[in-house]
Amino acid sequence: MEAVRNLQVFDAHTHLAGEKLQASDFWEIVHYFWFLRELRTAGYSDNPEFMPEDNRIELFLDAYKAAAGTGMHYAVKYIFNDLYGLKLDDIASVREAIDRVKQCSADGRWVESVSGKANLTKTVVNNESHKNFIGLNDTCIWFPRLDGMLHDGARRIAAENPSKRAVTANDTAEQLRKTIDGYVSQGVRAFMTSLGGLDTKTYRNSGESFRAFDDGLIFLLRILCQAASSNNLTIQLFMGMEHGHCSVAVPVNRTGRVVNLYGLFEDYPCKFDLVTSCGINNMDIANAAQIFPNVYAGGMWWFNFRPSTYLSAMAQRFEALSSRKSYLTISDSRCIEWCYGKIALIKKLTGDFLCKKVSDGYVDTDEALIIAKDWLYSTPAKLYT
C-alpha cells in the first residue's frame, strides 16, 4: 500500500486552467460538481451560493456527514486530512478550513506541494488556453478535442438536401483534414472526442449513404482515423453521456456502444483510448482491448468514477489484459486539490485490489507493483508522450 501511494501518476483528462491551478476558497472545493451532486442527495441546497455563510456552513456540515460512504466524500476527507491537516466534523473545523484554504491559495508553493504529494507527473488538458501551467513546469500535455467539428459536421450533412449531401460531406471532410493537419504541424500527438448514442455499426460502413446523422458521423470519424493512422496519433474516445433525455446530459447504457466501433478498430492502425461514463460498458472495453492490439482501456469518467466500478473494472482488466493495455486515472478535476483527492482514492483502490491478488496467490508483490506502475503512469505515458 505504501509503495502504491508513492507511485507516479498520469492524469489523462482534467479541466485544470494553467493560470490558476489551485482552489480559490473552501467552497470551490466542496462545491465541485461531483461532490455537490452527492451533497444534494443528502439534503443540501440547490443554490447554496445565495445563502448567508453561517447558514451554508450549518447545512453543508449536515449534508457532509449524511453523505459519508460515497466515493467523493472519501476524496474530500483525503483533501482536508492530508493537505490541510483537518477533519471536518463541526462548525469550528469548517471555519478553520475556510481560513486554511484561503491562506494556502495565496501561497506560491502550494500547487507544487500538492502535486508532489500526489506524485502527479503528467496531466492532460484539452483547452489550448489552459495548457501553460504556472507553478508546474513540464507537467501539462495538451491535445485538442474535436467534438464540435465532428458532431456539427454530421448534423450539417444530415440536414442538407439529399442531392447535395455528398458535396457537403466532402467539403466538411476537407475542412476536418485541414484542421487536423494544422494541429499536427504544432506537434499534437493525440485528439479527444466524445461520442453520443452511435447506433450504427462501423464495420463495412463508410457512411457514404448519408441517410442519417450516424452516417455522417461515421464518415467523419473515418477521416479522423485515416489522419491519426498516417501520423501515428492516438484517439481518445469519451463515451456514455448523452443529451436529449432531460435538460442535462445523463449516462445511457447502450450495449452496442463499443462493439459498433469495431469496424474502426479493425480498419485503422492508430491507437484508440476508450473512456466510458457507464459501468455496463467496462467489460465491453476490456473485451475490445483484448481483441484489438491498438485499443486501450482508459480511465473511469463521470458516473463510472465510483469505488465499485473501479474495483469491477480492475478485476476485468486484471484477468483479460496485460497492464500495458490499461490505465486508471482520469480525474476530470478543476483544481489541483481535487486531482489530489481523486488520485488518493484511486491509489487506495489499486492497493486494496492488488493486495488481495497477492494474498490469493495470483501475483507476487513485485508483479503487483509492475501492474500498479502501468495502471497509474506507464501505459498512458506511452500513449501520450
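The values are calculated or read from the model by the stated rules, or taken from the named source; none is laboratory data. Please read all numbers here as calculations on a predicted model, not as lab measurements. Heads up, the Cβs are rebuilt from the backbone with ideal geometry, glycines too, and the neighbour counts pull from every protein chain shown. All accessible areas refer to the heavy atoms of the entire protein, side chains included, with ligands and DNA or RNA removed. Shrake-Rupley method; radii C 1.70, N 1.55, O 1.52, S 1.80 Å.
Which residue pairs have Cβ atoms under 8 Å apart, sit 6 or more places apart or on different chains, and have a first residue in the range 57-71 that is within 18 Å of residue 96 (Cβ to Cβ) and a second that is assigned to a helix (DSSP H, G or I) and open to solvent by 50 Å² or more (accessible area, probe 1.4 Å)?
57/91; 57/95; 58/91; 61/91
Kindly provide the set of residues from the range 60-74 that are farther than 13 Å from residue 307 by Cβ and crowded, with 19+ Cβ neighbours inside 10 Å, ordered by number.
Within the range 60-74, 60, 63, 64, 67 qualify.
Does residue 211 meet the test of being modelled with pLDDT under 95, surrounded by fewer than 18 Cβ atoms within 10 Å (Cβ to Cβ) and not acidic (Asp, Glu)?
yes
Checking residue 81 against (1) part of a loop (DSSP other than H, G, I, E, B); (2) surrounded by fewer than 19 Cβ atoms within 10 Å (Cβ to Cβ), which single condition isn't satisfied?
If we test residue 81 against (1) part of a loop (DSSP other than H, G, I, E, B); (2) surrounded by fewer than 19 Cβ atoms within 10 Å (Cβ to Cβ), just (1) comes out false.
Would you check if residue 330 is open to solvent by less than 30 Å² (accessible area, probe 1.4 Å) and touching a Gly at 6+ places or on another chain (Cβ under 7 Å)?
Judged against the criteria, residue 330 is a match.
Going through the range 299-317 one residue at a time, which ones are open to solvent by 40 Å² or more (accessible area, probe 1.4 Å) and over 17 Å from residue 342 (Cα atoms)?
Answer for the range 299-317, where residues must be open to solvent by 40 Å² or more (accessible area, probe 1.4 Å) and over 17 Å from residue 342 (Cα atoms): just 312.
Specify the residue that is surrounded by the most Cβ atoms within 10 Å (Cβ to Cβ); the eligible residues are those in the range 141-194 that are touching a helix residue (DSSP H, G or I) at 6+ places or on another chain (Cβ under 6 Å) and among the β-branched types (Val, Ile, Thr).
Filtering first and then ranking leaves 157.
I'd like the residue in the range 1-58 that is closer than 29 Å to residue 190 by Cα and in a helix (DSSP H, G or I) and, out of all such residues, is most open to solvent (accessible area, probe 1.4 Å).
Residue satisfying both the conditions and the ranking: 5.
Examine the range 270-291 for a residue that is touching a strand residue (DSSP E or B) at 6+ places or on another chain (Cβ under 9 Å), among the aromatic types (Phe, Trp, Tyr) and open to solvent by 20 Å² or more (accessible area, probe 1.4 Å), and state whether such a residue exists.
No; the residues of the range 270-291 include none that is touching a strand residue (DSSP E or B) at 6+ places or on another chain (Cβ under 9 Å), among the aromatic types (Phe, Trp, Tyr) and open to solvent by 20 Å² or more (accessible area, probe 1.4 Å).
Here's the yes/no breakdown for (1) of a type in the set (A, V, I, L, M); (2) outside any strand (DSSP E or B); (3) modelled with pLDDT under 95; (4) out of contact with any strand residue (DSSP E or B) (no Cβ under 8 Å at 6 or more places or on another chain):
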position	(1), (2), (3), (4)
298	no, no, no, no
315	yes, yes, no, yes
329	no, yes, no, no
342	no, yes, no, yes
361	no, yes, no, yes
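Yes or no, residue by residue, for (1) under 22 Å from the mean Cα position of the chain (by Cα); (2) in a loop (DSSP other than H, G, I, E, B); (3) not basic (Lys, Arg):
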position: 150; (1), (2), (3): yes, no, yes
position: 176; (1), (2), (3): no, no, yes
position: 182; (1), (2), (3): no, no, yes
position: 204; (1), (2), (3): no, yes, no
position: 214; (1), (2), (3): no, no, yes
position: 222; (1), (2), (3): no, no, no
position: 226; (1), (2), (3): no, no, yes
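Anything in the range 115-140 that is hydrophobic (A, V, I, L, M, F, W, C) and either open to solvent by less than 80 Å² (accessible area, probe 1.4 Å) or part of a helix (DSSP H, G or I) (or both)? List them, or say none.
The answer is 118, 120, 124, 125, 133, 136, 140.
Among the residues of the range 236-252, are any touching a Ser or Thr at 6+ places or on another chain (Cβ under 6 Å), of a type in the set (Gly, Ala, Ser) and either closer than 21 Å to residue 319 by Cβ or not in a helix (DSSP H, G or I) (or both)?
yes
For the range 347-369, how many residues meet the condition of being touching a residue at least 24 places away in the same chain (Cβ under 8 Å) and touching a helix residue (DSSP H, G or I) at 6+ places or on another chain (Cβ under 7 Å)?
Count: 8.
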